[in-house]
Amino acid sequence: MVNEPGKTMNKDNESGITRRKFILSAIIVAILGSFASLLSLLKVLAPAKKGGGYVSTISPGDTLVYASGSNIGATLRASSMNPGDAVLVYPKGKSSNPANLVQLIRLQESSFKAPTDVKLTDKGFVAYSAICTHLGCTVSWVKNEKSPDASYTECFCHNSIFNPSRGDKVEGGPAPIPLAQIGVKVSSDDSLVFTSNFNGKIGPQV
């Protein structure tokens with residue numbers, strides 16, 4: 001049986017159109033994928049937006065719990081910390097908001113100098129936002145074993161240094177403003193609670 005010429009040509013045309021559609025679809029998918037990758041790269045490389053969208057939901061009366069380590073989520077006890085110690089904490093039940101991350105520090109009560117708001121401290125405990133005001137990295141504690149009150153907070157991303165006994169003012173590095181202080185108080189059961197909101201801006205401020 002001999003194929004009709006017209007039918008053979010139609011099949012070839014249909015096959016060609018299908019191949020072209022496939023190739024065109026593949027090109028479009030590749031272009032869209034490349035564009036998405038470029039946007040992701042630009043987002044990573046771009047400097048953080050001033051303020052970084054950080055809005056704390058801490059309320060006076062919230063209990064402090066560990067934010068890291070083997071005790072994560074457990075209620076922090078005042079007696080577990082000595083002068084020169086520091087830990088990262090969250091308000092209980094509010095750990096999903098990164099703006100709530102706080103560095104709790106214990107120093108000698110006599111160590112606090114202006115601009116520390118001593119009314120926001122209790123029994124040597126002072127607390128500041130743990131989010132660096134440069135680009136939003138989490139800060140770390142550098143303990144001085146020989147002189148606990150000489151310990152300090154540092155952001156290891158770009159080496160900003162903050163003085164906790166003086167309102168966490170900036171003493172080195174690119175951070176433009178101090179870490180905001182927040183009030184804390186030791187309760188009768190040895191736990192700690194927040195007593196205020198932050199007294200300044202939190203998150204990146206560049």
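In whole Å, what is the distance between the alpha-carbon centres of the stretch 157-206 and the stretch 110-150?
Taking the Cα centre of the stretch 110-150 as reference, the centre of the stretch 157-206 is 6 Å away.
Longer than 23 Å from Cα to Cα, which of 92/146; 94/201; 94/185; 94/123 are they? Say none if no pair is. Mind showing how you got there, number by number?
Working: 92/146 33 Å; 94/201 19 Å; 94/185 18 Å; 94/123 25 Å.
With Cα atoms farther than 23 Å apart: 92/146; 94/123.
Go through 67-74, 87-94 and give me the packing order, highest mean Cβ count within 10 Å leading.
Values: 67-74: 12.1, 87-94: 19.2.
So the order, starting with the most tightly packed, is 87-94, 67-74.
Let a ≥ b ≥ c be the square roots of the eigenvalues of the Cα gyration tensor of the stretch 64-194; is it rounded (a/c under 1.5), or, if not, prolate (a/b larger than b/c) or oblate? Don't skip to the answer; put the middle values down first.
Working: a/c = 1.58, a/b = 1.18, b/c = 1.34.
Judged from the Cα gyration tensor, the stretch 64-194 comes out oblate (a/c at least 1.5, b/c at or above a/b).
For labels at residue 97 and residue 77 in the simple 7 Å Cα→Cβ model, what's the distance in nm?
Output for this residue pair reads 2.9 nm.
Can you give the local net charge around residue 167? Use residues other than it whose beta-carbon is closer than 9 angstrom to its beta-carbon, Lys and Arg +1, Asp and Glu -1. Working shown, then result.
Details: positive: 113, 166, 169; negative: 117, 168.
Here the charged neighbours net out to +1.
For every other residue with a beta carbon closer than 15 angstrom to the beta carbon of residue 56, add +1 if it is Lys or Arg and -1 if Asp or Glu, then tell me the sum. All intermediate terms of the calculation are to be shown ahead of the outcome.
On the way: positive: 92, 94, 201; negative: 62.
Neighbour charge sum, excluding residue 56 itself: +2.
By average Cβ neighbour count within 10 Å, what is the ranking of 125-135, 95-105 from highest down?
Going from most to least packed, we get 125-135, 95-105.
Among rounded, prolate and oblate, which fits the stretch 112-184 when a ≥ b ≥ c are the square roots of the eigenvalues of its C-alpha gyration tensor, a/c under 1.5 means rounded, and a/b larger than b/c means prolate?
Judged from the Cα gyration tensor, the stretch 112-184 comes out oblate (a/c at least 1.5, b/c at or above a/b).
Below 11 angstrom from the Cβ of residue 124, what's the summed charge of the other residues (Lys, Arg +1; Asp, Glu -1)?
Numbers: positive: 106, 123; negative: 85, 109, 122, 149.
With Lys, Arg at +1 and Asp, Glu at -1, the neighbours total -2.
The numbers here are math on the coordinates, done by the rules we state, and not lab data. These numbers were taken from a predicted model, which means no experiment stands behind them. Every residue, glycine among them, receives a Cβ derived from its backbone with ideal geometry; neighbour counts consider all protein chains shown.
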